[in-house]
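Some notes on the structure that comes next.
The values are calculated or read from the model by the stated rules, or taken from the named source; none is laboratory data. These numbers were taken from a predicted model, which means no experiment stands behind them. So basically every Cβ, Gly included, is an ideal-geometry build from the backbone, and we count neighbours across all protein chains shown.
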Amino acid sequence: MLAKPAAHGWTDRDLNQMLRDHTLAGNGKWIATSPQRPILLLAGILNQHGELDNRPAALDDAREEEARQQRIAVRACHRCDAHGWQLPYSDAAVRCTH
Ligand SMILES: [Zn+2]
């Protein structure tokens with residue numbers, strides 16, 4: 001059941017986000033705390049989600065990757081501090097362009 005989502009790059013993070021999205025307030029849906037057939041429940045929610053190329057956690061992954069790249073760039077740069085502010089400090093705060 002998870003082979004197709006996995007083939008589209010889904011991870012546990014996507015499944016968890018899909019379940020959160022499914023039960024968001026205002027969505028009107030709920031999930032039993034101990035479903036009798038959890039695999040079928042998950043399959044049904046996956047079917048409702050539809051497009052597997054639309055990974056639920058894609059935005060979180062992108063945000064995390066952006067932060068990781070920012071940390072790498074700051075670490076490699078000798079013109080700014082650990083927060084990306086250009087050195088030496090001046091009266092006006094200037095972001096480093098790395
Ligand atoms: Zn820099």
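Odds and ends about this structure:
- Residues (more than 18 Å from Ala3 (Cα to Cα) and surrounded by 11 or more Cβ atoms within 10 Å (Cβ to Cβ)) located in segment 34-57: Pro35
- Residue count for segment 43-91, restricted to those that are away from the ligand (no atom under 16 Å from the Cβ) and not in a helix (DSSP H, G or I): 9.
- Being more than 20 Å from the chain's Cα centre (by Cα) and either surrounded by 11 or more Cβ atoms within 10 Å (Cβ to Cβ) or within 16 Å of the ligand (Cβ to nearest atom) (or both) is a description that applies to Ile31.
- Gly26 being touching a residue at least 24 places away in the same chain (Cβ under 8 Å) and at positive phi: no
- Within segment 42-59, the only residue that satisfies the criterion of being among the acidic types (Asp, Glu) and modelled with pLDDT under 95 is Glu51.
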